[in-house]
Amino acid sequence: MIRIRNGKVYDPANGVNGVIRDVCIADGKIVAEVDVAARTLDATGMFVFPGGVDVHTHIGGAALNFARGLIPEQHRKATPIFHSQYRRAGIIGTTPTTFATGYVYAGMGWTTANEAAVPVLSAKHTHEELHDTPIIDKTCCVLMANNEIVLDLLENDEQDRAKQVVAWYVWAAKAYGIKAVNPGGVAGWKWGKDCKGLSDVIPGYKKVTPAKMISSLAQIADELNLPHPVHIHCNNLGAPGNASTTIETMKILEGRRAHLAHLQYHAYGGDDWFTMRSAAVEIAEHFNANTNLTCDAGAVLFGNTVTVTADGPWQHLLYQLTGRKWGNLDVENETGCGVVPYVYKEKNVVNAVQWAVGLELLLLITDPWRICLTTDHPNGATFWRYPEIVQLLMNADFRKEQLKQFPDSTLSRMVLPELTREYTLSEIAIITSAGPARTLGLTQKGHLGIGADADIAIYNESNDVAQMFAHPRYVIKSGEVVVEEGELRKSGEGRQFAVKPEYDESIEDFLRPLFQQHYTMSFENYPVSCDRVHNLEVHACKYCGK
Amino acid sequence: MSCTLGEVKNRADFIIYWGGNPAECHPRHFTKYALTPKGKFIPRGRKDRTMVLVDIRETMSAKAADIFLQVRPGKDFEMLTILRALVKGQRINEDAVAETGLKLEQLQDLVARMKAAKFGVLFFGMGLSMTRGKHMNSAAALTLAAEMNAFTKFVAMPMRGHGNVTGADVIMRYTTTYPFGIHMGRGYPRFNPGEYSTIDLLVRGDNDATLVLGADPGATMPKPAIEHLKRTPTIVLDPKVTHTSRLSRVHITTAATGISAPGTVYRMDEIPLPLSPPLKSPYPTDEEVMRRIREAVQRKEPWYPVPTSAPQMT
């Protein structure tokens, strides 16, 4: 039992905006009161936030592990974590090891993370890594938009059977939601091609288009009542002028809920690399109008990192542009991944525009409940740099200082210099916790109301916002103090959440012969059994939003 | 640039095996994945595929090959580099070609076939990665495949060793970021192949003791390594009494994984496969033994100073 006494509480989901009050914890949950015997944390002069929720990150599984292996020269220079009584050894850097990932998220006051891209074929690997990611609770989204069985069904207009198959796959992977990456493009990449036009026929097919896949998956997510909407990495990522593809995607989704991933990478104007510019104004306008949509920022920060994505064709292009190491791993029948180490430089005009666009979207999108703070870790920047973005959002003068380093020819490609909005602490609590929890449909996360999971970050009030958010004074997870005075205390293992959508069991009779022919693993070995998912909690298929 | 084996089965119409002998070392490779099975886009199976074998001598695998290219021993790197140049249409020095033991026409034909393929795959084995040039050969093979992607779909994959070496690699990477050759002596992972890899450590005699799990170094390693294993405490966990067991202090018989012990094995393309053991064994599993050893070690008094609070970190 714990009483957090006298802190300034920010709980936007319950309308609490910087009110000084006590927060009480018992048995891992927020409760109304605890008795005098409870441990008291004196939070005078401190802010009390619900624990951070990362709606889109890459923290474990085949693709990220592939990236780890590609960059040993970076790990040598990265901060290590020393083995101790409470800590397993590890390496932080751009692709933290599993134990390090849990410790560093918790160390920042973030307590839940969504692994955004899981191939079903290697889902067992993902769950092994998530098992070894301590403290935080985890969900994952399973890759569906380039699944060949689903593509074949959509080609033949077998919409209902496609829904059964997707539902089966979600449970087989023990996933929480559906992910779509470059729909049709990754399927095209199996033949070395891409699919940039939403009405283009996908290479290898005669009829089915990315538009069909996008609308089908959105419909399926709704019909299956998944707590989190279809999570979409749009076609044409990274390309100058791709804002038109993103807007077209929004039109296709009209009337259906959807979550647009790392929107920054999909908000560019211009015709080529020389004329590339921000299209954040246009994207924000359409996004603001389409209230069925949520998104996450996918913001970029200058510095060294590694790009890891299922968007294979884009990564081939990045390899050709940069000449850096390139890793690629296509997954039979399902998806692929590409890995390219990358540095975002201030002097690179394209990178400067990317840096601006992430911030512009966060400032131009009017409803903070609909945009979540992310960097598509590790693609835009590593997750332990989120406090730097918070600082840029809260302090317009600091932004102005950063903009001074760019020449006029760069500044003319962005609108950031004109934006004076400053995020309040309440809005920060929304984009880092309450909003993503709501978007994920995790009703017990992201708030400090009675019955919520006791996941809490307590920060020392400070003018240096980046420092403040990087070093919470206390972090509580499931009612236990895990970080205190800058040190890791106990280390629980966190839970994994999955959903079991309804499907007709006879779909297995349809799938079994296809597996025999096209996969290289027996059908019985393919699904992830429940005992492989550590601390599994199956959530109801219930869309809880508006 | 790589893929899972199902992609090979479904799409690959052009296969190169380089420095490997799958017929004898990966006996199900041809029939399960690479040559004979009908794939989604390979309706006629073997008839829709062309297989090229590159090796220093004709092995059993040559019988299955459409084309056999006999490269001179130790000249793989040169041959790969010439292929890279031919792919890009660069001029080749005739002497360089002669060094490889092959004719320019053979190499030009190979490149033409590679470019004409819908989906090419280069499988490379220890005949490439462990001979003169070592990892440079592997790098050259991977770079050739990467550069081929400007023309057509092309992947390269190593033919990995037996047992669960891939699984060990995967787990080492996600717990330490490094695949092998990891030194934990300072309390965090450090990596330096050549310094911390097994043969180097044993030959130099850097370690005080050795625990051998699922391997038989006594059968294959150089003499100084074996001498070191003999004169320091060596512990072996294995279902069988191996060469290494015979020179170790302790041998613990454990249940054979996959036959009477459960677990997960990672296939050579890094796909995890669950093991369902059909038999029972009177012996403990490797996992059980390791847990008991660890618990016993944890009960011991540490001989080194144990920090009671976290060290300062910048």
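Any read-out appearing in this document is the output of simple, stated calculations on the displayed coordinates, not a laboratory observation. Because the structure is a prediction, the values reported are computed rather than measured. Cβ: placed from backbone, ideal geometry, glycine included. Neighbour counts: every protein chain shown.
Structural remarks
- Chain B - charge dipole about Cα centre, Lys and Arg +1 at Cβ, Asp and Glu -1, debye rounded to 20: 680 debye
- For segment A:296-312 and segment B:169-192, distance of Cα centres in Å: 25 Å
- Along its principal axes, chain B has C-alpha extents of 69, 45, 44 angstrom, given from the largest down.
- Descending Cα extents along the principal axes, segment A:74-159, whole Å: 57, 26, 20
- Calculated FRET efficiency, A:C541 to B:R72, Cβ-Cβ distance, R0 = 51 Å: about 0.20 to the nearest 0.05.
- Trypsin sites (Lys or Arg not before Pro) restricted to segment A:200-246 and DSSP loop, no more than 14 other C-beta within 10 Å: A:K206, A:K207
- Computed over segment A:1-41, Kirkwood Rh from alpha-carbon pairs, angstrom: 10.6 Å
- Placing +1 on the Cβ of every Lys and Arg and -1 on the Cβ of every Asp and Glu, with no other charges, gives the protein assembly as shown a dipole of roughly 1960 debye about its Cα centre.
- Cα-based reach from A:K500 at 21 Å (exclusive), listing lysines while leaving out same-chain residues under 8 positions away: A:K124, A:K138, A:K163, A:K174, A:K179, A:K445, A:K542
- The calculated 222 nm mean residue ellipticity attributable to helices in chain A amounts to -9000 deg cm²/dmol, summing -39500 (n - 2.57) over DSSP H runs of n ≥ 4 and dividing by all residues.
- Simple label model, 7 Å out from Cα along Cβ direction - B:K38 to A:K29, nm: 5.8 nm
- √(5λ) per eigenvalue of the Cα gyration tensor, segment A:191-260, largest first, Å: 21, 15, 10
- Chain A - share of DSSP beta bridges that are antiparallel (%, nearest 5): 55 percent
- Under the Karplus curve 6.51 cos²θ - 1.76 cosθ + 1.60, θ = phi - 60°, whole-Hz ³J(HN,Hα) for segment B:37-48, x wherever Gly or Pro sits: x, 6, x, 4, 10, 10, x, 9, x, 3, 5, 8
- Between segment A:380-400 and segment A:440-513, the Cα center-to-center distance that results, in Å: 22 Å
- Cα-projected label distance for B:R267 with A:L321, points at 7 Å along beta-carbon direction, nm: 3.4 nm
- Rg ratio (alpha-carbon, reference 2.2 N^0.38 Å) - segment B:131-269: 1.24
- Cubic angstrom per residue, convex hull over Cα atoms of segment B:65-142: 98 Å³
- Here the Karplus relation 6.51 cos²θ - 1.76 cosθ + 1.60, evaluated at θ = phi - 60°, turns the backbone of segment A:481-496 into coupling constants of 6, 9, 10, 8, 6, x, 10, 7, 9, 5, 9, x, 10, x, 10, 10 Hz, with x for every Gly and Pro.
- Taking amide H positions as modeled 1.01 Å from N, with prolines and chain starts lacking one, no residue 5 or more places away or on another chain lies under 5 Å from B:G258.
- Equivalent-ellipsoid semi-axes for chain A (Cα gyration tensor, √(5λ), whole Å, largest first): 34, 29, 22.
- Close amide-amide hydrogen proximity is noted between A:V483 and A:V475, A:R489, each under 5 Å apart and 5 or more residues distant or on a separate chain (H modeled in the peptide plane; Pro and chain starts excluded).
- Loop sites in segment A:77-150: trypsin sites (Lys or Arg not before Pro), DSSP, at most 11 other Cβ within 10 Å: A:K77
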